[in-house]
Amino acid sequence: MSLTQKELVEELRIQWTRLWQERLDDKLRAEGVATNDYYSLFVDKGTIIHATRDFKALSFREILEKYQVVNADRYIPPNPEVGGWTKFIRTSIVNQQPRKKKRAELYLSEKKEKQQPKKGGRGWLHV
């Protein structure tokens, strides 16, 4: 290979984004279909790349492993559920700040107790 690993990964990433941007969404079958051949991603024209049921989705990590890229995980951001900046902010920073009371909440008067409804809630009887 004449390209270094970083250049190879960047080229594959560009192809990967192009694949997902140019896909054809079949609303009737609820699947996404590749519109072109992407030989570097091992995807042919007409290949189903996204479906809702019983489908193994394409993985950028698997493509990098086929190219034998060393330490492929460093080129792929982690899942938000597993970790990363977003989860760190949600769990560590946002929960530490005390909730500030809104100005309107400070001036609310105490709620009065409701009176018992007349006639057991049936209203007035008109004869």
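The values are calculated or read from the model by the stated rules, or taken from the named source; none is laboratory data. Given the structure is predicted, the values throughout are model-derived calculations rather than measurements. Accessible surface is based on the protein model in full, side chains and every heavy atom, while ligands, DNA and RNA are left aside. Shrake-Rupley method; radii C 1.70, N 1.55, O 1.52, S 1.80 Å.
Once all protein chains are placed together, LYS45 keeps about 140 Å² accessible to a 1.4 angstrom probe. Of the Cα atoms belonging to segment 1-79, the radius of gyration and Dmax stand at 13.5, 44 Å.
For VAL43, the residues 5 or more places off, or on other chains, whose built amide H falls under 5 Å of its own are TYR38. Amide H contacts for HIS50 (H built 1.01 Å from N in the peptide plane; partners 5 or more residues away or on another chain; cut-off under 5 Å): GLY32. Whole-Hz Karplus values for segment 37-48 come out as 8, 10, 5, 5, 9, 6, 10, 9, 5, x, 6, 6 Hz, taken residue by residue from phi with 6.51 cos²θ - 1.76 cosθ + 1.60 and θ = phi - 60°; glycine and proline positions read x.
Compute the length gained on full extension between ASP37 and ARG122: take 0.36 nm times their separation in residues and subtract their Cα-Cα distance, giving the result in nm to one decimal. List each step's numbers first, then the result.
Working: separation 85, 0.36 × 85 = 30.60 nm, distance 7.22 nm.
That works out to 23.4 nm of additional length.
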